[in-house]
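What follows is a single structure, written as structure tokens, with notes after it.
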């Protein structure tokens with residue numbers, strides 16, 4: 001196995017395939033490095049693809065110290081994986097928890113982000129939902145510890161925003177449950193408490209987000225209720241952002257709609273590499289409905 005060692009001594013499992021400009025894939029809470037298989041098979045035809053299992057997700061290490069899990073740590077882990085692979089800058093693609101980490105990576109290491117794909121990033125971001133999200137996250141962490149991942153995966157995977165995946169692709173959804181059930185209960189609980197519960201709201205980062213130069217594609221499913229408004233917010237304030245909303249699609253976007261996800265992300269990356277994804281034209285900031293003079 002291929003392992004990167006972080007600057008605090010944690011080993012992260014890394015998988016690589018393909019040649020070309022690098023893409024780093026950052027998985028969601030309910031997934032792991034295997035969740036990106038449809039993307040690795042597609043993008044490795046033209047790119048060097050790198051996927052890794054976050055700390056707390058075997059075969060990566062599962063640190064015992066709860067303080068070893070945080071949003072800041074997740075961002076630094078992306079950089080450590082890139083260092084291990086000898087990559088100075090990359091296109092970074094993240095979903096949900098990985099989408100938040102990807103966005104924070106662009107804020108923290110702007111010179112290393114050729115572009116960002118921020119998909120399904122919104123849970124807990126809405127100010128009026130923060131307390132509810134943190135309470136639910138704490139309850140989920142408790143359930144991972146009480147029931148174990150194999151049993152709680154069956155409950156966790158039936159969240160409203162994951163139902164579209166079940167309806168479209170029952171076999172894919174069943175595989176998602178099986179893989180989630182193989183996760184570490186301790187790692188899942190510590191990640192939920194350390195990363196999910198403690199990350200700041202996107203709305204508290206507005207000044208920093210307005211100054212972030214990285215070309216960004218924001219992706220949301222229209223059945224992913226708590227990600228839609230944050231996606232619109234990010235589109236409005238990021239200087240070089242585009243917004244993709246996939247119809248009748250929930251939270252597990254890259255697995256639920258792999259063909260459409262791959263096609264749009266590939267087109268975005270191609271435009272970035274061709275220098276055709278500039279910052280937003282200032283004329284678009286006008287509040288005029290139409291030109292009359």
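Name the strands (runs of 3 or more DSSP E) wholly within segment 4-113 that hold at least 3 residues that are surrounded by fewer than 20 Cβ atoms within 10 Å (Cβ to Cβ)?
Numbers: elements: 11-17, 22-26, 48-52, 90-95.
So the answer is 11-17.
How do the helices (runs of 4 or more DSSP H) wholly within segment 176-287 filter down when requiring 2 or more residues that are on the phi > 0 side of the Ramachandran plot: which remain?
Working: elements: 185-191, 206-210, 225-237, 253-256, 258-273.
Because the criterion is at least 2 residues that are on the phi > 0 side of the Ramachandran plot, no helices (runs of 4 or more DSSP H) in segment 176-287 meet it.
Of the residues that make up segment 196-211, is at least one touching a strand residue (DSSP E or B) at 6+ places or on another chain (Cβ under 8 Å), within 16 Å of residue 116 (Cα to Cα), buried (at least 16 other Cβ atoms within 10 Å of the Cβ) and in contact (Cβ under 8 Å) with a residue 24 or more places away in the chain?
Filtering segment 196-211 for residues touching a strand residue (DSSP E or B) at 6+ places or on another chain (Cβ under 8 Å) gives none.
No; the residues of segment 196-211 include none that is touching a strand residue (DSSP E or B) at 6+ places or on another chain (Cβ under 8 Å), within 16 Å of residue 116 (Cα to Cα), buried (at least 16 other Cβ atoms within 10 Å of the Cβ) and in contact (Cβ under 8 Å) with a residue 24 or more places away in the chain.
Does segment 103-110 contain at least one residue that is farther than 21 Å from residue 229 by Cα and out of contact with any helix residue (DSSP H, G or I) (no Cβ under 7 Å at 6 or more places or on another chain)? Steps first, please.
We begin by selecting, within segment 103-110, every residue farther than 21 Å from residue 229 by Cα; these are 105, 108-110.
Next cut, out of contact with any helix residue (DSSP H, G or I) (no Cβ under 7 Å at 6 or more places or on another chain) only: 110.
Yes, the conditions are met somewhere in segment 103-110.
Which of (1) over 24 Å from residue 34 (Cα atoms); (2) crowded, with 18+ Cβ neighbours inside 10 Å is the odd one out, the single condition residue 217 does not satisfy?
(1)
Tell me, please, whether a residue that is on the phi > 0 side of the Ramachandran plot, touching a residue at least 40 places away in the same chain (Cβ under 8 Å) and in contact with a strand residue (DSSP E or B) (Cβ under 7 Å, 6 or more places away or on another chain) can be found in segment 94-116.
Pass one, segment 94-116, residues on the phi > 0 side of the Ramachandran plot: 96.
Pick out the ones that are also touching a residue at least 40 places away in the same chain (Cβ under 8 Å) and you get 96.
Filter once more, keeping what is in contact with a strand residue (DSSP E or B) (Cβ under 7 Å, 6 or more places away or on another chain): none.
No - not one qualifying residue is present in segment 94-116.
Scan segment 121-133 and tell me whether some residue there is in a strand (DSSP E or B) and within 25 Å of residue 246 (Cα to Cα).
Restricting attention to segment 121-133, the residues satisfying the condition of being in a strand (DSSP E or B) are none.
Scanning segment 121-133, I find no residue that is in a strand (DSSP E or B) and within 25 Å of residue 246 (Cα to Cα), so the answer is no.
Check residue 75 against each of (1) more than 15 Å from residue 13 (Cα to Cα); (2) free of Cβ contacts under 8 Å to residues at least 60 places away in the same chain; (3) in contact with a strand residue (DSSP E or B) (Cβ under 9 Å, 6 or more places away or on another chain) and name the one condition it does not meet.
The number of the failed condition is (3).
Go through segment 24-63 and count every residue that is within 20 Å of residue 137 (Cβ to Cβ) and more than 12 Å from the chain's Cα centre (by Cα).
5
Do we have any residue at all in segment 155-171 that's in a loop (DSSP other than H, G, I, E, B), in contact with a strand residue (DSSP E or B) (Cβ under 6 Å, 6 or more places away or on another chain), surrounded by fewer than 20 Cβ atoms within 10 Å (Cβ to Cβ) and modelled with pLDDT of 95 or more? Spell out the reasoning first.
First, pick out the residues of segment 155-171 that are in a loop (DSSP other than H, G, I, E, B): 157-159, 169.
Filter once more, keeping what is in contact with a strand residue (DSSP E or B) (Cβ under 6 Å, 6 or more places away or on another chain): none.
No, there is no match, as no residue in segment 155-171 is in a loop (DSSP other than H, G, I, E, B), in contact with a strand residue (DSSP E or B) (Cβ under 6 Å, 6 or more places away or on another chain), surrounded by fewer than 20 Cβ atoms within 10 Å (Cβ to Cβ) and modelled with pLDDT of 95 or more.
Return the pairs, sorted by first residue and then second, in which the second residue is part of a loop (DSSP other than H, G, I, E, B) and surrounded by fewer than 22 Cβ atoms within 10 Å (Cβ to Cβ), the first residue lies in segment 40-67 and is touching a residue at least 12 places away in the same chain (Cβ under 8 Å) and on the phi > 0 side of the Ramachandran plot, the beta carbons are less than 6 Å apart, and the residues are 6+ apart or on different chains.
Qualifying pairs under 6 Å: 56/62.
Within segment 271-289, does at least one residue satisfy the condition of being within 15 Å of the chain's Cα centre (by Cα) and either over 30 Å from residue 136 (Cα atoms) or exposed (fewer than 12 other Cβ atoms within 10 Å of the Cβ) (or both)? Steps first, please.
Keep residues of segment 271-289 that are within 15 Å of the chain's Cα centre (by Cα), which gives none.
No, segment 271-289 contains no residue that is within 15 Å of the chain's Cα centre (by Cα) and either over 30 Å from residue 136 (Cα atoms) or exposed (fewer than 12 other Cβ atoms within 10 Å of the Cβ) (or both).
The values are calculated or read from the model by the stated rules, or taken from the named source; none is laboratory data. In this text the structure is predicted, and so the values were computed from the model without any measurement. Positions of Cβ are backbone-derived with ideal geometry, glycine not excepted, and every protein chain shown enters the neighbour counts.
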